[in-house]
1. Rounding to the nearest 10 and keeping the result within 0 to 90°, find how far the Cα-based axis of helix 136-148 lies from the longest principal axis of the chain.
2. Taking just the C-alpha trace of the chain, give me its Rg and Dmax in Å.
3. Quick check: residue separation of E118 and M99 times 0.36 nm, minus the Cα distance between them. What number comes out in nm?
4. Got a sec? Which residues in the range 1-44 would a label at S55 touch, if it sits 7 Å along Cα→Cβ and we count backbone N under 12 Å?
5. Can you tell me the relative contact order of the chain? Whole percent, Cα pairs under 8 Å, sequence separation 6 or more.
6. Which of the lysines could a cross-linker bridge to K195, judged by Cα under 23 Å and excluding same-chain residues fewer than eight apart?
7. Can you give the extra length, in nm with one decimal, that the chain gains between E111 and R127 once fully stretched, where that is 0.36 nm per residue apart less the Cα-Cα distance?
8. List the chymotrypsin sites (Phe, Trp or Tyr not before Pro) within the range 41-125 that fall in a DSSP loop (any state other than H, G, I, E or B) and whose Cβ has at most 16 other Cβ atoms within 10 Å.
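Quick note: the coordinates plus some simple rules give every number you see, no bench work behind them. None of the values given here were measured: they were computed from a predicted structure. Ideal geometry is used to build each Cβ from the backbone, glycine not excepted, and the neighbour counts take in all protein chains shown.
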Amino acid sequence: MLALENVSAGYGNLQVLHGISLEVQPGELVAIIGANGAGKTTTLRTISGFIRPSSGSISFEGEPLAGKRPHDIARRGLVQVPEGRSLFGGLTVLENLSMGGYTRTAAEREEALREVYELFPVLKERRDQPAATLSGGQQQMVAIGRALMARPRLLMLDEPSLGLDPKTTGRVFSVVERIRQTGVAVLIVEQDAVKTLRLADRAYVLESGEVALQGTGSELLEDQKVRSAYLGL
Ligand code: ATP
């Protein structure tokens, strides 16, 4: 469904990704883990079209994404929830959610909104409240809900647990699991490697912009190197 082949990318003269290859199959939940600065966010931003790869190729559902702009990529069903959520704090929950559906028809938006409210009943209760006045966990739900409004086939999440307490993190992870159960593929970047590997079908370990290891979630949870370097075990 999504395939990166030998992708290199970076910022100006700084090369961050050195020939990354990875793939996501339909319906799969795939994780990218790795230390701070390993290039996880850069990988997602390259897939979303915000950063142009200097070499290599990215394709989504068989079509190359080279030269496509972020909104074209999102319209194809590859949608990212950015790190740090980036909500419009002064706008209401509903206004923030509606922004995610701008490429869809009114009927599609209504249907998507019903689904988002079903997944996050609290957002329906709070729909007229400014987003800035929600708790961190609720804001993360708005950010995920806004991405779902675009009706993704593949949802990319960048550190959804950032700044959340363990209980709220657990809630966010169970929502991710439910999203996957609806048939949406998920590519998730996370610091919380243990929880993420338990959730993931497969995962890639990034080190200094390269894929150092890959395997099923359970294989990597058992891997001695992963356990000492990333799981603190
Ligand atoms: P973290 O978990 O800390 O977010 P990460 O694995 O997501 O780390 P990236 O954010 O992809 O890592 O950063 C990889 C490298 O790229 C780092 O060395 C970082 O300093 C650099 N970098 C990130 N964003 C920019 C930018 N806008 N301009 C220049 N360098 C950047």
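1. 90 degrees
2. Radius of gyration, then largest Cα-Cα span, for the chain: 17.2, 51 Å.
3. 5.0 nm
4. 6-9, 18-20
5. Here the relative contact order equals 27 percent.
6. Candidates past the 8-residue exclusion: K40, K167, K225.
7. On the way: separation 16, 0.36 × 16 = 5.76 nm, distance 1.60 nm.
Extending this stretch completely gives an extra 4.2 nm.
8. Those that pass, being in a loop and sparsely packed, are F50, F88, Y102.
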